[in-house]
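Working notes, structure below.
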Amino acid sequence: MNQSDQRLGSNIILSAAAFVIVIAGIKSSASILIPFLLAIFIAMLSAPLMTWLTRHRVPQVLSLLLILVGFLLIGTLLASFIGRTITAFYQDMPLYESKLQALVDQSVLWIQSRGIDMSDNVLREYVNPGAVMKMVANIFNGLGGVLANTFLILFTVIFILLEASGFPDKLRKAFGDNTDATKHFARFSKLVQKYLVIKTAVSVMTGATIGVALAIIGVDYAAMWALVAFLLNYIPNIGSMIAAVPAVLIAVIQLGVGEALITATVYVVANTFYGNIVEPKMMGRTLGLSTLVVFLSLVFWGWVLGPVGMLLSIPLTMIVKIALEVNERTRWVATLLDQ
C-alpha cells in the first residue's frame, strides 16, 4: 500500500470518527438544541415578513414588535385551545374507554357468530382500551409540551431577527470581501425560506380541509385533529399517516366503522391532493434532494433529535448538502444527494 492510499484510509477513519463524535454530542444535548433549532427556523420563516414590512418603510423595531405581538397572540390562542382540549378529553376518556370496550365485546361476539372459536379474552389482550386512550392523550400532551419552551423560543427568535440584517456584513468582515461564505449563506437562506413558506402554506390548506371535513362528519375534537394534521404535515412521507391514526380511532369509537372509513378517506384524499399535486407544483426543484435521501434524513434526524428532528429533517439535510458542496473534496457526496 502506497503513502497516498494510507493517507486516504486515515482520512476516512478520522472523518468517520469525527462524525460519530459530533452526532453523539448532538444526540446527548438534544434537549438544549431543540428549542434553538426551532427558533432558528421560525426566524427564517418570519424573515420574509419582516423584510416586507421594512421595505414598506416600517421601522425595524416596530416590525419586530408587530411580529412579536403576532407570535404572542398565536401562542396564547394555541395554549388556551390545547389546554381546554386536553381537559375536555380527559373528562371524556372514561366514556371513550367504555365505548371501546363495548366495541371489542361486539367484535368478539361477531367473530364467534361466524363459527370461529375465539376465547373472550384473546382480543381484549391485544386491544387494551386504557392503553389506546393513553396513546391519544399522549399526542395532546406532546402538543402541550412543545408550548412549554414557547418563551425561550420566542426570545431567541427576536434576537435572531435583530441580528439577521447585519449578519452578511459580519461574514464579510470575518472572511474578507471575496469570500464565498456570504453567497452560500444567502443561497441556503433562500432555499430554506422558500421550502418553509411553501410547506407552511400546504400544511395550512391540508389542516383546514381535514378540520372542515371532520366537523361535517361529526368527529369529536375536529379542530384539534386539524392542528395535528397541520403540524405533522411538516414530516415527510409518514407525517400524514401518523396524523390520521388518532382521528380515525376516535371516529371508530364515537361514530362507528362506516364513519371511520370516511374519515380515513378524507385523510387519504387531502394528503394525496395537497402532497402529490399541489406541493410539487409549488415546490418545483427547490429541495434538490432525492426521495431516498428525504426518507433516510427523516429516519436519521428523528433518531438524533426525536419528533422535532423529523419536522426539521429537510432543512437540516439541506444545511449538510450545502456544506458538502462548498468543499471540493466532499462535493461528490453532495452530488449523490441530488435528485
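Each peptide among 330-336, 86-92, 13-19, 208-214 gets the average number of other Cβ atoms lying within 10 Å of its residues, and from highest to lowest they stand as 208-214, 86-92, 330-336, 13-19.
Carbon and sulfur together cover what percent of the accessible area of region 208-339 at a 1.4 Å probe radius? Carbon and sulfur together cover 73 percent of it. For the residues 194, 281, 99, a 1.4 Å probe over the protein chains yields an accessible-area ranking, largest first, of 281, 194, 99.
Going by the alpha-carbon gyration tensor, a ≥ b ≥ c the square roots of its eigenvalues, is region 11-97 rounded (a/c under 1.5) or, if a/c is not under 1.5, prolate (a/b greater than b/c) versus oblate?
Details: a/c = 4.12, a/b = 1.11, b/c = 3.70.
Because a/c hits 1.5 or more and a/b fails to exceed b/c, region 11-97 counts as oblate.
If you roll a 1.4 angstrom probe over the protein chains with everything in place, what fraction of the accessible area of region 48-96 belongs to carbon and sulfur, to the nearest %? Present the calculation step by step, with values, prior to reporting the outcome.
Numbers: 2390 of 3260 Å².
Ligands and nucleic acids excluded, carbon and sulfur give 73 percent.
Per residue, how many Å² of accessible area does region 198-320 show with a 1.4 Å probe?
Using a 1.4 Å probe on heavy atoms only, each residue of region 198-320 averages 41 Å².
When both region 204-240 and region 45-105 are represented by their alpha-carbon centers, they are found 14 Å apart.
Scaled against the 2.2 N^0.38 Å expected of a compact globular protein of N residues, the Cα radius of gyration of region 219-339 reads 1.28.
The values are calculated or read from the model by the stated rules, or taken from the named source; none is laboratory data. Computed from a prediction, not measured in an experiment: that's the story for all the values here. We place every Cβ from the backbone using ideal geometry, glycine too, and count neighbours over all the protein chains shown. Quick note on the areas: whole protein, heavy atoms, side chains included, nothing else; ligands and nucleic acids left out. Shrake-Rupley method; radii C 1.70, N 1.55, O 1.52, S 1.80 Å.
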